[in-house]
Amino acid sequence: MRNPQLNGHGELQHLLSLDGLPKSVLTAILDTAEPFTEVAEREVKKLPLLRGKSVFNVFFENSTRTRTTFEIAAKRLSADVINLNVATSSTKKGETLLDTVDNLCAMQADMFVVRHESSGAPYLIADHLHNTARHHIHVVNAGDGRHAHPTQGLLDMFTIRHYKKEFHNLVVAIVGDVLHSRVARSQIAALTTLGVPEVRVIAPKTLLPTDVERMGVRVFHDMQAGLKDVDVVMMLRLQNERMNGALLPSPQEFFKVWGLTAEKLAEARADAIVMHPGPMNRGVEIDSAVADGGQAVILPQVTFGIAVRMAVMSMLAGS
Amino acid sequence: MQLPDAESMLHTLVEQMRPNMSANTALVGIHTGGVWLAERLHAALGLSQPLGCIDVSFYRDDYGSKGLHPQPQRSGIPFDVDGTPIVIVDDVLYTGRTTRAALNELFDYGRPSRVDLAVLVDRGGRELPITARYCAHLMTEPLDCAKNLQLERDDSGQLELRLIDA
Amino acid sequence: MRIRIANGRLIDPANQLDATSDLYIADGLITGVGKAPEGFAADRTIDAAGLVVCPGLVDLAARLREPGFEYRATLESEMEAAMAGGVTSLAIPPDTDPVLDEPGLVEMLCYRAKKLNRAHVYPVGALTIGLKGERLSEMAELVEAGCVAFSQANTPIIDNIVLMRAMQYAATFGFRVWMQPVAPFLARGGVAHDGEVAARLGLAGIPTAAETIGLYTHIELARITGAKLHVTRLSSAEGLKMIKWARKEGVDITCDVSINHLHLSEMDIGYFNPNCHLVPPLRTQRDREALRQGLVDGEINALCSNHTPVDDDAKQCPFAEAEPGATGLELLLPLTLKWAQETRTPLVKALACVTSDSARIIGSQKGGHLSVNARADVCIFDPEAYVTVSRARLRSQGKNTPFLGLELPGEVRYTLVEGQVMFAPT
């Protein structure tokens, strides 16, 4: 089976998922992102790499925050950025996803940054570009359904490496709604590929996918046990619509059992870092004292996110 | 072909530069050979401004055809560029494209009062209107364009020129 | 027209026959096997040396998309596909638009099919009006119009009281009910087997329990009501175990499996291949092995194509949004042969699953065998030829199948329906 993310030379053609990318590619992206962090400190925060290129942010599902980070990254690379909120336009009129893609190709797009509510949608687009021999157009998955959010996973790895230097000696815990989380899937894929020896997930059974162990993680249901001696705590966002009903009785009970408080965090190593992909639900998955505390690296994650996305875009556009 | 000795050229370069150094002159080395050279020059000239370094990967004009350089390094300019006289340091001057990229990058940090270029070797073959104010050795015989002339540094910190296949 | 099919390897599972033998056909019927009837003079002789001659295939599930979905396929296009696939009898699920819940619609379908003079159609009527699971259909009238059984296709009845009444009513007449085993709420929103692959790809899962709980409900109600139950498109090892148990308990139960589930598993979804979005979902490799063995053991009674043509617009979508289904009429024979090869099942036994055994489930005495005086529906194929599945080669209007690009054994050379050659080399 052809790996749709790599071209014939084994270079990154699209970034669709971290699952299926070799360690060398993940490491290369992290290494490349490193010098991009310095650009933000300059008087002119702009590089000429994507000058004359058109990056289309095609968001079939609204997300101002993610779209903005991609927009900043593309603009810092001097690309022309076109934001399309497809959620409110064409598809409502019955246009198919691939019709939309064909139309944007006709507008001389060089890169699509795609957010879609359906798992696998960016694969369909990449496959279509391949079948129509548009090999110069690249796709970046900005989140598809529950499947993947590869740039988020990469910026998380960048953050971990920044604070912990190495991966091979870490214990990492991912806490919360793994079942519905594309972020968690990308994190698990990246952590296991980069050689983290122990990746834990901590959640009630209702929020874990069937056979989650097959992804190479250890399952915990108890926070105290799951956080014991971990180096990194990665919190997940709990969507509002999942807080009451058949998955969870209430946000209050969730916070009581799985919310990250200073007391629970004390089980982790003293130098453990706390991460969150944002936006946070304070008092649901994380206590404000922890979110604003000395172990939280949530804002650096956002800053690193720009550099990581710049690295990904410039690696793709130059392949 | 006998290549000139890098260490003795370094001394020549120091002597060329010394009369023109002012109190706030700053050196900026271009990765990788230029940075090694700039480190030595910086020490020899006793400059007070901290040393800057630049990786021009993000400014190269062949990105469109060759893609991003595989392992770009972090650039670092630890002084205020505005109003500062700067000498860009590189090991070899060839087409001038690297210098062009370095100038572009430098100006994204601010407006220097002047910029000069210092190189160990000028191997000819210029494609842009660029010349080095300080140059230790000018090659009169053109080199095979399929060869790269570049600086290497051994474990003891000694510099040496090498000709390798591009 | 009198036809002699000469020198072929005659395989007739119903009569346990596998021998090189001639077949004689006259007036649409088989008139002789092995030796010519007295005074037989052939108008045409087909040389079948090196070829297998078997009954035309009987497919338990082929959606022809008429009425209602003619943009996807028409009777004409799908009948051509059936002929090219050696399939001469088709059971039609009721999920057309409008659904097959009215005698007039069933009569029209049978009339249209008869006029085309290709495969025989056996409509399976809707168990409830509009498949809505609320009101019973006029089963007696529907049988008179041509229905051979009753089904809900892929739409489960949510209210078990209605389900029980429907089965009771069908049992009153001895009509067989064909049920897809699925517990509606457990399957709701799911698009793939709830397992490793769905977890990794972030696809909403359908647990095996959706099949087993649905199946248990059907088995219990069949036991209570005395309805004859045929379980369609079994997908799991657990489901098969339950069928065996029900048989031991004395429930009158048969079941089938589709070609897709016999050969594929969740792993084949790969990178979101929408052609593997199927109902029921492809399950684990362990499940597939159990289904293959179940068919060998005869615990699973028949193999069907579950032919469901889906047009590209509906298929070229993200996995969950892609309409489930795959074309299959032309793959039924090759995939039967592939399974037989891989499990070392003798051809006479393998072909039973798509001829005599499936005909028995439909309740057809005339098709699915080559006895003297049987309807002369015959398939002649080259068992040694290998053919690559391609969009260009498929005659069905549905070009989407997980088997695209694969080389499969068996090439149909001739298809005869009631003694007429309807498909032959050009």
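The values are calculated or read from the model by the stated rules, or taken from the named source; none is laboratory data. Given the structure is predicted, the values throughout are model-derived calculations rather than measurements. Don't worry about glycine lacking a Cβ; one is built from the backbone with ideal geometry, like all the others, and counts go over all protein chains shown.
Numbers at a glance
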{"read-out": "Filtered residues of the range B:9-57 (kept if among the aliphatic types (A, V, I, L, M) and either surrounded by fewer than 15 Cβ atoms within 10 Å (Cβ to Cβ) or in a loop (DSSP other than H, G, I, E, B) (or both))", "value": "B:Met21, B:Ala23, B:Ala43, B:Leu47, B:Leu51"}
{"read-out": "C:Tyr122 of a type in the set (Ser, Thr, Tyr), more than 30 Å from A:Glu213 (Cβ to Cβ) and either within 14 Å of another protein chain (Cβ to nearest Cβ) or out of contact with any strand residue (DSSP E or B) (no Cβ under 9 Å at 6 or more places or on another chain) (or both)", "value": "no"}
{"read-out": "From C:Val279, C:Val257, residue being part of a loop (DSSP other than H, G, I, E, B) and either under 21 Å from the mean Cα position of the chain (by Cα) or at pLDDT below 95 (or both)", "value": "C:Val279"}
{"read-out": "Residue check, C:Thr74 in contact with a Gly (Cβ under 6 Å, 6 or more places away or on another chain) and of a type in the set (S, T, N, Q)", "value": "no"}
{"read-out": "Per-region count, the range A:205-229, residues more than 12 Å from chain C (Cβ to nearest Cβ), buried (at least 16 other Cβ atoms within 10 Å of the Cβ) and under 22 Å from C:Leu201 (Cβ atoms)", "value": "1"}
{"read-out": "Matching option when the condition is among the hydrophobic types (A, V, I, L, M, F, W, C), under 23 Å from the mean Cα position of the chain (by Cα) and under 22 Å from A:Met313 (Cβ atoms), among A:Leu104, A:Leu124", "value": "A:Leu124"}
{"read-out": "All positions within the range C:297-322 that are over 14 Å from C:Leu60 (Cα atoms), assigned to a loop (DSSP other than H, G, I, E, B) and in contact (Cβ under 8 Å) with a residue 24 or more places away in the chain", "value": "C:Glu299, C:Pro309, C:Val310, C:Asp311, C:Gln316, C:Cys317, C:Pro318, C:Phe319, C:Ala320, C:Ala322"}
{"read-out": "Given (1) at pLDDT 95 or above; (2) buried (at least 17 other Cβ atoms within 10 Å of the Cβ); (3) under 25 Å from A:Met310 (Cβ atoms); (4) of a type outside the set (Lys, Arg), index of the condition B:Asp91 fails", "value": "(3)"}
{"read-out": "Residue, nearest to A:Met275 (Cα to Cα), within the range A:214-233, restricted to residues that are assigned to a loop (DSSP other than H, G, I, E, B) and among the charged types (D, E, K, R)", "value": "A:Asp231"}
{"read-out": "Pair list, Cβ under 9 Å, 6 or more apart: the range C:345-364 residue acidic (Asp, Glu), other residue in a helix (DSSP H, G or I) and surrounded by 24 or more Cβ atoms within 10 Å (Cβ to Cβ)", "value": "C:Asp357/C:Pro13"}
{"read-out": "Residues satisfying the stated conditions in the range C:192-217, i.e. aliphatic (A, V, I, L, M) and touching a His at 6+ places or on another chain (Cβ under 6 Å)", "value": "C:Leu201"}
{"read-out": "Restricting the range B:76-96 to residues that are under 15 Å from the mean Cα position of the chain (by Cα) and outside any strand (DSSP E or B), the residue that is farthest from B:Asp62 (Cα to Cα)", "value": "B:Ile77"}
{"read-out": "Failed item in (1) more than 14 Å from chain B (Cβ to nearest Cβ); (2) in a helix (DSSP H, G or I); (3) within 19 Å of the chain's Cα centre (by Cα); (4) not aromatic (Phe, Trp, Tyr), with A:Gly278 passing the rest", "value": "(2)"}
{"read-out": "Total residues in the range C:62-87, condition in a loop (DSSP other than H, G, I, E, B), at pLDDT 90 or above and surrounded by fewer than 21 Cβ atoms within 10 Å (Cβ to Cβ)", "value": "0"}
{"read-out": "Out of A:Glu61, A:Glu41, sole residue that is touching a strand residue (DSSP E or B) at 6+ places or on another chain (Cβ under 9 Å) and not aliphatic (A, V, I, L, M)", "value": "A:Glu61"}
{"read-out": "The range A:21-38, subset at the interface with chain B (Cβ under 9 Å from one of its Cβ atoms) and touching a strand residue (DSSP E or B) at 6+ places or on another chain (Cβ under 9 Å), residue nearest to B:Tyr59 (Cα to Cα)", "value": "A:Glu38"}
{"read-out": "Of all residues making up the range C:194-206, the number that are of a type outside the set (A, V, I, L, M), touching an Asp or Glu at 6+ places or on another chain (Cβ under 6 Å) and either more than 7 Å from chain A (Cβ to nearest Cβ) or within 9 Å of A:Val212 (Cα to Cα) (or both)", "value": "2"}
{"read-out": "Test: residue in the range B:65-88 that is of a type in the set (Ser, Thr, Tyr), in contact with a Pro (Cβ under 9 Å, 6 or more places away or on another chain) and at the interface with chain A (Cβ under 9 Å from one of its Cβ atoms)", "value": "yes"}
{"read-out": "Residue tally, condition surrounded by 18 or more Cβ atoms within 10 Å (Cβ to Cβ) and either over 24 Å from the mean Cα position of the chain (by Cα) or not assigned by TED's automatic domain parsing to the domain that holds C:Glu418 (or both), over the range C:10-29", "value": "6"}
{"read-out": "Members of the range C:282-291 that are among the basic types (Lys, Arg) and in a helix (DSSP H, G or I)", "value": "C:Arg286, C:Arg288"}
{"read-out": "Filter result (out of contact with any helix residue (DSSP H, G or I) (no Cβ under 6 Å at 6 or more places or on another chain) and surrounded by 19 or more Cβ atoms within 10 Å (Cβ to Cβ)) within the range A:276-289", "value": "A:Asn281, A:Glu285, A:Ile286, A:Asp287"}
{"read-out": "Scope the range B:97-121; condition more than 14 Å from chain A (Cβ to nearest Cβ) and more than 11 Å from the chain's Cα centre (by Cα); matching residues", "value": "B:Ser113, B:Arg114, B:Val115"}
{"read-out": "Among residues of the range B:64-118, those that are on the phi > 0 side of the Ramachandran plot and touching a helix residue (DSSP H, G or I) at 6+ places or on another chain (Cβ under 8 Å), counted", "value": "1"}
{"read-out": "Matching option when the condition is closer than 24 Å to C:Arg176 by Cα, touching a residue at least 40 places away in the same chain (Cβ under 8 Å) and small (Gly, Ala, Ser), among C:Gly294, C:Gly325", "value": "C:Gly294"}
{"read-out": "Hey, C:Ala209 within 14 Å of chain A (Cβ to nearest Cβ), in a helix (DSSP H, G or I), more than 21 Å from the chain's Cα centre (by Cα) and surrounded by fewer than 21 Cβ atoms within 10 Å (Cβ to Cβ) or not", "value": "yes"}
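Residues checked against (1) assigned to a helix (DSSP H, G or I); (2) β-branched (Val, Ile, Thr); (3) away from chain C (no Cβ under 14 Å); (4) buried (at least 17 other Cβ atoms within 10 Å of the Cβ):
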residue	(1), (2), (3), (4)
A:Leu49	no, no, yes, yes
A:Val55	no, yes, yes, yes
A:Thr66	yes, yes, yes, yes
A:Phe70	yes, no, yes, yes
A:Ala109	no, no, yes, yes
A:Asn141	no, no, no, yes
A:Thr151	yes, yes, yes, yes
A:Asp156	yes, no, yes, yes
